Amino acid sequence: MTVAPCHHEHSGNARGAPEVARILAAVEASCTSQGERMTAPRRRVLELLLAAGEPVKAYDLIARYGANGEAAKPPTVYRALEFLERWGVVHRIASISAYVACSAQDDDVKAHAAAFLICDCCGSTAEVAVPLGDLALDKAALAVGYDISRTTIEGHGKCAHCREAA
Ligand SMILES: [Zn+2]
Ligand SMILES: [Zn+2]
Ligand SMILES: [Zn+2]
């Protein structure tokens, strides 16, 4: 589903280079400390998503991958996305088929459910962190002996800005 641009303006969350570098270093440190490697493709894909500050389609990541404008091989990007999603620093928003860098600032990004509020008017998305265990879904899962490690919730509606401007 694509959202037609509306007449309402919304500001994205594009991050500047210093913030991108700071987050990349932090993620790299957490990978290393847990025996994972921050490979060049993982790093580059996360960098693109952090800089964008909004959901990006996989084919746009592939197209933007090369610093000099050359595209990546699709499996390179998909494998990196798979890792970053498992690591909890990137979320896939299924209803708009796009990926977004996690906006959680806490150390334990793995322990939150990603809840996205998607505006069907202007297309903006905002992530609100819901601690795992706070959800009725977690309790229902535990009741049948299931341990949920990742949850993504997608809410569609109208953002505060578009509601105000309506
Ligand atoms: Zn998140
Ligand atoms: Zn709007
Ligand atoms: Zn909106």
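Looking at (1) away from ligand 1 (no atom under 16 Å from the Cβ); (2) at pLDDT 95 or above, which one does residue 98 not meet, given that it meets all the others?
Result: residue 98 passes all but (1).
Determine whether residue 90 is under 24 Å from residue 20 (Cβ atoms), surrounded by 12 or more Cβ atoms within 10 Å (Cβ to Cβ) and away from ligand 3 (no atom under 16 Å from the Cβ).
Here the answer is yes, as residue 90 does meet what is asked.
Would a scan of region 79-88 turn up a residue that is away from ligand 1 (no atom under 14 Å from the Cβ), touching a His at 6+ places or on another chain (Cβ under 8 Å) and under 27 Å from residue 41 (Cα atoms)?
Checked region 79-88: no residue is away from ligand 1 (no atom under 14 Å from the Cβ), touching a His at 6+ places or on another chain (Cβ under 8 Å) and under 27 Å from residue 41 (Cα atoms).
Checking residue 101 against (1) within 16 Å of ligand 2 (Cβ to nearest atom); (2) buried (at least 18 other Cβ atoms within 10 Å of the Cβ), which single condition isn't satisfied?
Here residue 101 clears every test but (1).
Inspect all residues belonging to region 145-159 and state whether any of them is over 23 Å from residue 62 (Cβ atoms), among the small types (Gly, Ala, Ser), surrounded by fewer than 15 Cβ atoms within 10 Å (Cβ to Cβ) and within 16 Å of ligand 3 (Cβ to nearest atom).
Looking for residues that are over 23 Å from residue 62 (Cβ atoms), among the small types (Gly, Ala, Ser), surrounded by fewer than 15 Cβ atoms within 10 Å (Cβ to Cβ) and within 16 Å of ligand 3 (Cβ to nearest atom), one finds at least one in region 145-159, hence yes.
Would you pick out the residues in region 46-73 that are free of Cβ contacts under 8 Å to residues at least 40 places away in the same chain and in contact with a helix residue (DSSP H, G or I) (Cβ under 7 Å, 6 or more places away or on another chain)?
Scanning region 46-73 gives 47, 48, 51, 61, 62, 64, 65, 71, 72.
For the condition among the polar types (S, T, N, Q), in contact with an Asp or Glu (Cβ under 7 Å, 6 or more places away or on another chain) and within 16 Å of ligand 1 (Cβ to nearest atom), what is the one hit in 125, 152?
125
What residue, of 139, 158, is in contact with a Cys (Cβ under 9 Å, 6 or more places away or on another chain) and of a type in the set (Lys, Arg)?
Of the residues listed, the single one that is in contact with a Cys (Cβ under 9 Å, 6 or more places away or on another chain) and of a type in the set (Lys, Arg) is 158.
If we scan region 105-127, do we find a residue that is away from ligand 2 (no atom under 16 Å from the Cβ), free of Cβ contacts under 8 Å to residues at least 60 places away in the same chain, of a type in the set (S, T, N, Q) and closer than 16 Å to residue 13 by Cβ?
Yes, because at least one residue in region 105-127 is away from ligand 2 (no atom under 16 Å from the Cβ), free of Cβ contacts under 8 Å to residues at least 60 places away in the same chain, of a type in the set (S, T, N, Q) and closer than 16 Å to residue 13 by Cβ.
Report yes if residue 166 is loosely packed, with under 13 Cβ neighbours inside 10 Å, within 16 Å of ligand 2 (Cβ to nearest atom) and at pLDDT below 90, otherwise no.
Yes: the conditions hold for residue 166.
Per-residue answers, yes or no, for (1) outside any helix (DSSP H, G or I); (2) of a type in the set (Phe, Trp, Tyr):
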residue: 114; (1), (2): yes, no
residue: 121; (1), (2): yes, no
residue: 126; (1), (2): yes, no
residue: 134; (1), (2): yes, no
residue: 146; (1), (2): yes, yes
residue: 149; (1), (2): yes, no
residue: 153; (1), (2): yes, no
residue: 161; (1), (2): no, no
residue: 164; (1), (2): no, no
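Are any residues in region 107-136 surrounded by 15 or more Cβ atoms within 10 Å (Cβ to Cβ) and more than 25 Å from residue 52 (Cβ to Cβ), and if so, which ones?
Scanning region 107-136 gives 132, 135.
Filtering region 15-59 down to residues that are small (Gly, Ala, Ser), surrounded by fewer than 18 Cβ atoms within 10 Å (Cβ to Cβ) and under 13 Å from the mean Cα position of the chain (by Cα), which residue is farthest from residue 84 (Cα to Cα)?
51
The values are calculated or read from the model by the stated rules, or taken from the named source; none is laboratory data. Predicted model, so just to flag it, every value in this text is computed and none were measured. When we count neighbours, we look across all protein chains shown, and the Cβ atoms used for this are built from the backbone with ideal geometry, even at glycine.
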